[in-house]
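Contents: one structure, followed by commentary.
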Amino acid sequence: MPARGGYFPDFLTPGRGDLALADGADRVQATPRRRLVAELARRCAGLRGPAPRSVRWVATGDASALRWPGGTLRRYHALAVAPYLTEIRGRAAEDRAGRAEAALSGGAEALPASYAELPGRRRQGSRLATPYPEPRLLRLGGRPLTLLPGFFCVRTPLALLDESLPLVLVHPLGPAPGWLPRLGAGAAKPSVAQLIGASRAHVLEALEIPMTTTALATALRLAPSTASRHAAVLREAGLVATRREGNRVLHRRTALGCALPDGPAPAVGAAPAAPPVARRCPSRTQQVGTPGSQDSATSMKMLET
């Protein structure tokens with residue numbers, strides 16, 4: 001995964017949301033070698049040292065090399081997407097219904113205006129300004145723009161870099177903390193480690209109380225640099241918040257970080273359940289490093305109609 005603001009190869013996001021999983025994976029595996037080399041070189045341009053061996057292997061365009069990302073996409077879908085398709089499709093249907101209602105009641109102009117209601121978005125004449133990882137102006141030039149709701153898209157929308165490709169803008173759906181469905185009695189509980197990796201699951205578990213990087217590294221027997229890197233990745237995902245207290249930098253779970261291992265909060269009016277032993281989440285979740293604290297520093301992306 002690229003860092004916030006980093007480039008993500010366009011060939012890994014084929015189509016305009018109109019492809020089934022098998023068709024999308026097949027299209028990834030059919031990417032021409034020239035495009036593979038160009039996009040993977042751009043992705044690795046900022047690295048110190050040579051590109052990873054796996055990246056160089058895929059860039060060869062060899063059929064066996066391209067079967068690897070295709071197979072990885074299928075396995076990841078089975079693990080991290082398929083179990084939650086009901087929730088994902090339901091949330092997408094809600095968004096689609098809201099956009100359709102806006103278009104039917106207010107005409108074509110009301111559809112882009114409905115996106116201006118999202119946090120950080122605003123209309124500027126014929127343009128729609130929205131938070132984006134880096135400054136960019138996307139000119140439509142009379143071409144259609146496909147707007148796709150992305151359940152796993154967080155913080156800001158994303159667009160393909162190559163503007164010769166079909167214009168697609170993926171915007172966050174923003175599922176609320178606690179969206180992971182509770183399982184029935186006796187059902188196997190999905191492992192958090194399967195979603196975020198075993199090491200980061202241990203870090204998230206340890207941060208049920210605020211910790212410095214040094215304390216986190218000591219508790220988990222990690223190198224401080226490794227603990228810092230895991231905390232940074234969890235912070236980018238909105239699972240951990242970081243703030244400074246005097247000469248200390250403390251990491252703590254956000255509400256989303258608490259909901260992932262503990263499950264969703266009980267419904268309003270429901271009888272309170274007995275609190276689990278030794279599990280708590282700090283009440284102060286809007287700290288430095290959370291999505292809400294980044295708005296003032298976020299660049300804007302302009303969509304010119």
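Remarks
- Full extension of the segment from residue 67 to residue 146, taken as 0.36 nm per residue of separation minus the current Cα-Cα distance, would add 25.6 nm.
- Surface share of carbon and sulfur [accessible, 1.4 angstrom probe, percent] for the stretch 14-67: 51 percent
- The stretch 30-186: relative contact order as a whole-number percent, Cα under 8 Å and 6+ apart: 14 percent
- Förster radius 41 Å - calculated FRET efficiency between residue 223 and residue 122, Cβ distance, rounded to 0.05: 0.40
The values are calculated or read from the model by the stated rules, or taken from the named source; none is laboratory data. Just so we're clear, the structure is a prediction, and the values are computed from it rather than from any experiment. Cβ sites come from the backbone with ideal geometry, for glycine too, and all protein chains shown count toward neighbours. Quick note on the areas: whole protein, heavy atoms, side chains included, nothing else; ligands and nucleic acids left out. Shrake-Rupley method; radii C 1.70, N 1.55, O 1.52, S 1.80 Å.
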